Structures are given as C-alpha cells and as structure tokens.
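Participant: Pasting a structure here, questions to come.
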Amino acid sequence: MELSKRVSALTPSSTLAITAKAKELKLQGHDVIGLGAGEPDFNTPSYIIEAAAASMREGHTKYTPSGGLPALKEAIADKFKNDQNLDYSHEEIIVGTGAKHILFTLFQALLDEGDEVIIPTPYWVSYPEQVKLAGGEPVYVDGLEENDFKITPEQLDNAVTDKTKAVIINSPSNPTGSMYNQRELQKVGEVALKHNILIVSDEIYEKLIYGDAAHYSIAQISTELKAQTVVVNGVSKSHSMTGWRIGYAAGDKDLVKAMTNLASHSTSNPTASSQYGAIAAYTKEDGSVETMRTAFEDRLNKVYDKLIQIPGVTCVKPKGAFYLFPNVKQAASEAGFQSVDDWVTALLEKEKVAVVPGSGFGSPDNIRLSYATSLDLLEAALERIEHFITK
Ligand SMILES: Cc1ncc(COP(=O)(O)O)c(C=O)c1O
C-alpha cells in the first residue's frame with residue numbers, strides 16, 4: 001500500500017518502541033521492570049469516576065459543543081483564576097481529546113508550509129512530529145545540561161528567523177523535569193514579544209512539582225505576554241486521567257475559534273462523560289491530587305540519591321513531572337558501547353530493565369526513567385542498572 005508522504009516521514013514514538021520490546025520479553029516469561037511509563041500509576045480518584053458515571057446515568061451521553069461543555073470551560077476558567085490569577089473567557093478556551101490532540105489542532109490551525117517552530121531540546125517526542133504534520137519546520141535549540149536543560153533568551157534570539165511562528169516552552173518538562181523560574185520566563189517572553197512569535201506553553205505537569213519549586217505560567221507575567229501565549233494543560237497527569245483524554249488550551253480567541261472549527265471536523269467533541277469527570281476534577285477535591293504528588297516526591301528523593309551514586313551516571317535533579325533524565329554517556333562508552341541507544345538495548349536484554357533512550361527526545365547521551373511505578377520496583381531497577389554498569 002502506498003501511504004502518504006506525510007505519514008511515511010513520521011518518526012515512531014521511541015517510548016512506545018521500548019514498551020513493545022519490554023512487553024515481548026515479559027510474554028516470553030522474563031521478569032522485566034518497565035520504567036518507560038508516561039502516566040501516573042494511580043487510579044483516577046473515585047469522586048471523578050462517580051461524577052462521570054452519574055453523568056451517563058443522567059443521559060449526558062450525546063454530542064457536546066465541539067470546543068467543550070460550557071460548565072467545563074467555566075471550571076477551567078476558575079482554575080486559571082485561582083491558580084494563576086489569569087482571566088479567560090469561554091471564547092478563549094478550547095477543550096479537546098487530551099493535550100496531545102489540542103497541540104496537534106493548534107499546529108494545524110497556526111502553521112503554513114515552511115513556518116518554523118522553535119523547540120528546545122530535550123523535547124517531548126510529539127512536538128517535532130506534530131509541527132511537521134502541519135507543514136512546519138522544527139528548529140531545535142539546545143537546552144544545555146549545565147543550564148538544567150533550559151534555553152537562554154540569547155539562544156532563542158539567535159534561533160529566530162523571519163519564518164519563526166512560535167516557540168514551545170514546556171515547564172515542568174518531559175523528559176527532564178526542569179522548570180523555568182519567573183525571571184527566566186520573563187526574559188524568554190521579552191524575546192518572543194520583540195519578534196512577535198507565539199509562545200506555546202505546555203503546562204501539563206503543573207501540579208507535579210517538588211521541593212521549593214513554584215510553577216509560573218509565562219502568561220502570568222504581563223498582559224502583553226498573556227496575549228502572546230497559548231497555555232496548554234489538562235487533567236491527564238494532575239488527576240491521573242490519561243485514558244479519559246481531556247486537555248485544553250487558552251489563548252487568543254481567533255486561534256481558539258479556528259481550532260474549534262477544526263475539531264468540529266475531526267473529533268466532533270471530547271468524550272461527554274470524560275468532560276463531566278473533568279468538571280468534577282476541577283470543582284471538587286478529596287486530597288488525592290496532593291497524595292499522588294507526595295508519593296512522587298518521596299520516590300524522586302529516594303531514587304535520585306541512589307541513582308547519582310552509580311559510577312558513570314550524572315543527573316540534574318528534576319523539579320517536577322515524574323521522570324529522571326540521567327546522562328549515561330560515560331557509563332556506556334566505558335563499557336564499549338557505540339551509543340547510549342545500544343546501551344539501552346543491552347540493559348533490557350541483560351538486566352531486563354526497560355528505559356527510554358534520550359535520542360528520541362533529542363538528547364542522545366541521556367536516558368529517561370519514569371518513577372511512575374512502585375518504590376520497590378524502582379529500587380530493584382536501580383540495583384540492576386548498577387549491576388549492569390559495574391559488573
Ligand atoms: C509534555 C507533554 N505534553 C502533553 C502531553 C499530552 O498529554 P495528554 O494525555 O493530555 O494528551 C504529554 C503526555 O505525555 C506530555 O508529556
């Protein structure tokens with residue numbers, strides 16, 4: 001079958017590739033520990049499940065407005081007001097089937113052939129593919145390890161051309177867990193304003209932050225920056241609702257309208273019962289979001305301390321999300337591996353630990369370990385990694 005050029009050029013997700021290999025080994029009876037997960041290992045809080053179930057029993061099982069139920073938009077607007085003191089009207093908010101599809105729709109609505117989008121590396125795997133699918137060109141800017149994987153305003157300034165349409169800021173970041181502070185966001189924002197480029201601020205890990213880290217949205221910094229920014233967020237990570245597929249964006253109303261028109265011809269609307277679940281997520285509370293956050297923080301602290309003791313491994317301590325992004329280049333080259341990708345394959349084959357190679361995130365010296373799994377398994381995985389390196 002001859003497929004379109006568009007899909008033929010797609011890079012398959014590196015996260016899914018390693019997960020598939022780990023599954024295959026598991027089926028063969030091997031005791032595999034998977035650290036590839038991109039989702040919390042908790043069930044969705046029961047008050048959310050109850051609200052969604054009740055909505056179905058009450059007959060809310062039909063199409064909804066394409067951009068989301070007014071009651072959900074209201075709950076999202078209240079969340080922006082309470083958390084960031086940001087005011088958005090319903091026309092400035094679109095709800096979609098997960099933040100991933102919201103981003104997909106956003107790039108489709110924004111980009112013409114050849115438009116450039118600046119993507120800091122390491123990046124979440126879907127950004128470049130989504131930009132390319134919309135005809136755009138990803139332009140990569142290296143977030144250096146010595147700067148906690150963050151880009152500087154000077155780097156951004158140098159990367160802008162007359163084709164630049166947008167820059168993506170993902171704080172806290174997948175895969176590094178790094179976060180931009182208020183001053184850094186302001187500086188990056190000044191460059192975006194100077195060149196009149198849109199800021200796509202992916203804040204999906206906003207609620208999963210640790211230690212003394214504080215989350216700022218770049219849209220909070222000034223009215224000018226709010227106008228220049230589309231904030232993308234969702235309930236997948238904060239409320240452990242990855243399978244429900246609810247994400248949203250807030251920004252310029254013409255852009256939101258175009259995205260909503262597009263959604264009306266693709267998804268029609270986000271799943272009705274999931275929207276009712278998301279309304280509950282934002283309007284009710286039973287402490288479970290904080291319980292999950294605390295569990296992640298506890299794991300991070302324990303696992304991080306052990307990880308950095310392993311010879312040949314260095315790691316910037318993450319401030320948010322649920323990933324560690326250690327540099328294992330030294331360990332890999334000392335063991336005679338040509339690349340960290342080869343090291344990752346050998347780690348899975350020999351020690352049965354599945355991690356994601358950093359090459360898929362634009363950082364070939366690193367690996368991504370997800371700590372969205374039990375502490376016992378994490379500790380066992382680290383012992384195996386240490387054995388693999390030191391044996
Ligand atoms: C940085 C980042 N943005 C967006 C998403 C998409 O989240 P959703 O499940 O809402 O589609 C993810 C999911 O892994 C992510 O890591």
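Laboratory data are not the source of any read-out in this text; all were calculated from the coordinates shown. If you're wondering where the values come from, they're calculated on a predicted model, not measured in any experiment. Neighbour counts run over all protein chains shown; Cβ positions are idealised from the backbone, glycine included.
Participant: Determine, from the Cβ-Cβ distance of Glu349 and Ser374 and an R0 of 22 Å, the FRET efficiency 1/(1 + (r/R0)^6), rounded to the nearest 0.05.
Facilitator: Values: r = 24 Å, r/R0 = 1.07.
Result of the calculation: an efficiency of 0.40.
Participant: Further question on the same structure: Compute the distance in nm between two label points, each set 7 Å from the Cα along the Cα-to-Cβ direction, one at Met1 and one at Glu50.
Facilitator: Going from the Met1 label point to the Glu50 one covers 4.5 nm.
Participant: Using the Karplus curve 6.51 cos²θ - 1.76 cosθ + 1.60 with θ = phi - 60°, what ³J(HN,Hα) values do you get for each residue of the stretch 234-251, in whole Hz, with x for Gly and Pro?
Facilitator: x, 9, 3, 8, 5, 10, 6, 10, 4, x, 7, 6, 10, x, 7, 9, 9, x
Participant: Loop by DSSP (not H, G, I, E, B), at most 15 other beta-carbon atoms within 10 Å: where is the longest site-free stretch of the chain for GluC sites (Glu not before Pro)? Walk me through the numbers on the way to the answer.
Facilitator: Details: sites that count: Glu2, Glu58, Glu113, Glu285.
In the chain, the maximal stretch lacking such sites is 114-284.
Participant: Follow-up question, since we're still on this one. Want the number for Ser264 to Glu74: 0.36 nm per residue separation, take away the alpha-carbon distance, what's left?
Facilitator: Details: separation 190, 0.36 × 190 = 68.40 nm, distance 2.02 nm.
Length gained, Ser264 through Glu74: 66.4 nm.
Participant: Around Asn269, under 13 Å between beta carbons, what's the net of Lys plus Arg minus Asp minus Glu among the other residues?
Facilitator: Numbers: positive: Lys62, Lys73, Arg245; negative: none.
Here the count lands on +3.
Participant: Hey, another quick one. I need the trypsin sites (Lys or Arg not before Pro) found in the stretch 32-94, filtered to DSSP loop residues with at most 16 other beta carbons within 10 Å of theirs. Kindly include the intermediate steps, with their values, before the conclusion.
Facilitator: Working: sites: Arg57, Lys62, Lys73, Lys79, Lys81; in loops: Lys62.
The qualifying sites are Lys62.
Participant: Hey, got the Cα dimensions of the stretch 52-98 along the principal axes, in Å, largest first?
Facilitator: 35, 20, 17
Participant: Please list, in chain and number order, the residues 5+ apart from Ala372 or on another chain whose amide H is under 5 Å from its amide H, with Hs placed from the backbone.
Facilitator: Sorted by chain and number, the residues that satisfy this come to none at all.
Participant: Which pairs in the list Lys194/Lys319; Lys187/Lys237; Lys5/Lys132; Lys100/Lys187; Lys207/Lys317 are over 20 Å apart, alpha-carbon to alpha-carbon? Spell out each step's value before the answer.
Facilitator: Details: Lys194/Lys319 29 Å; Lys187/Lys237 28 Å; Lys5/Lys132 11 Å; Lys100/Lys187 27 Å; Lys207/Lys317 17 Å.
With Cα atoms farther than 20 Å apart: Lys194/Lys319; Lys187/Lys237; Lys100/Lys187.
Participant: Can you give the FRET efficiency to the nearest 0.05 for Gln330 and Glu58, using r as the Cβ-Cβ distance and R₀ = 51 Å?
Facilitator: On the way: r = 59 Å, r/R0 = 1.16.
So, using R0 = 51 Å, E works out to roughly 0.30.
Participant: Here is a follow-up. What residues have an amide H closer than 5 Å to that of Val356, excluding those fewer than 5 places away on the same chain, when H is modeled at 1.01 Å from N in the peptide plane?
Facilitator: Arg368
Participant: What does the helix-only formula give at 222 nm for the chain: each DSSP H stretch with n ≥ 4 adding -39500 (n - 2.57), the total divided by the residues, and the result rounded to the nearest 500 deg cm²/dmol? Numbers along the way, then the final one.
Facilitator: Numbers: 15 runs with 171 residues, N = 391.
Rounded to the nearest 500, the figure is -13500 deg cm²/dmol.
Participant: Taking every pair of alpha-carbon atoms in the stretch 1-151, give the share separated by more than 26 Å as a whole percent.
Facilitator: Every Cα pair in the stretch 1-151 considered, those over 26 Å come to 53 percent.
Participant: Using the Cα atoms of the chain, I'd like the radius of gyration and the largest Cα-Cα distance, Dmax, both in angstrom.
Facilitator: Considering the chain through its Cα atoms, Rg and Dmax are 20.8, 63 Å.
Participant: Grab the other residues whose beta carbon is less than 13 angstrom from that of Glu50, score K and R as +1, D and E as -1, and report the net. Present the calculation step by step, with values, prior to reporting the outcome.
Facilitator: On the way: positive: Arg57, Lys284; negative: Glu58, Asp286.
So the environment of Glu50 carries a net charge of 0.
Participant: With an 8 Å cut-off on Cα pairs and a minimum separation of 6 or more residues, tell me the relative contact order of the chain in percent. Intermediate results must be reported in sequence, preceding the final value.
Facilitator: Details: 747 pairs, mean separation 92.5, N = 391.
Over the chain, the number comes to 24 percent.
Participant: Still on this model: Between the helical axis of 99-110 and the dominant principal axis of the chain, each derived from Cα atoms, what acute angle in degrees is found, rounded to the nearest 10?
Facilitator: The helix 99-110 is inclined about 60 degrees to the chain.
Participant: A further question on this structure: Can you list the trypsin sites (Lys or Arg not before Pro) in the stretch 234-342 that are in a DSSP coil and have 14 or fewer other beta carbons within 10 angstrom? Don't skip to the answer; put the middle values down first.
Facilitator: Working: sites: Lys237, Arg245, Lys253, Lys257, Lys284, Arg293, Arg299, Lys302, Lys306, Lys319, Lys329; in loops: Lys237, Arg245, Lys284, Lys319.
Sparse-neighbourhood loop trypsin sites (Lys or Arg not before Pro): Lys284.
Participant: Give me Rg/Rg_expected for the stretch 274-391, where Rg uses Cα atoms only and Rg_expected = 2.2 N^0.38 Å with N residues.
Facilitator: Values: Rg = 16.7 Å, N = 118, 2.2 N^0.38 = 13.5 Å.
Cα-based Rg divided by the globular estimate yields 1.24.
Participant: Please list 3J(HN,Hα) in residue order for the stretch 22-27, calculated via the Karplus relation 6.51 cos²θ - 1.76 cosθ + 1.60 where θ = phi - 60°; whole Hz, with x for glycine and proline.
Facilitator: My calculation for the stretch 22-27 gives 4, 4, 4, 5, 4, 4 Hz in order.
Participant: In whole angstrom, note down how far apart the Cα centers of the stretch 141-184 and the stretch 254-286 are.
Facilitator: Answer, in whole Å: 29.
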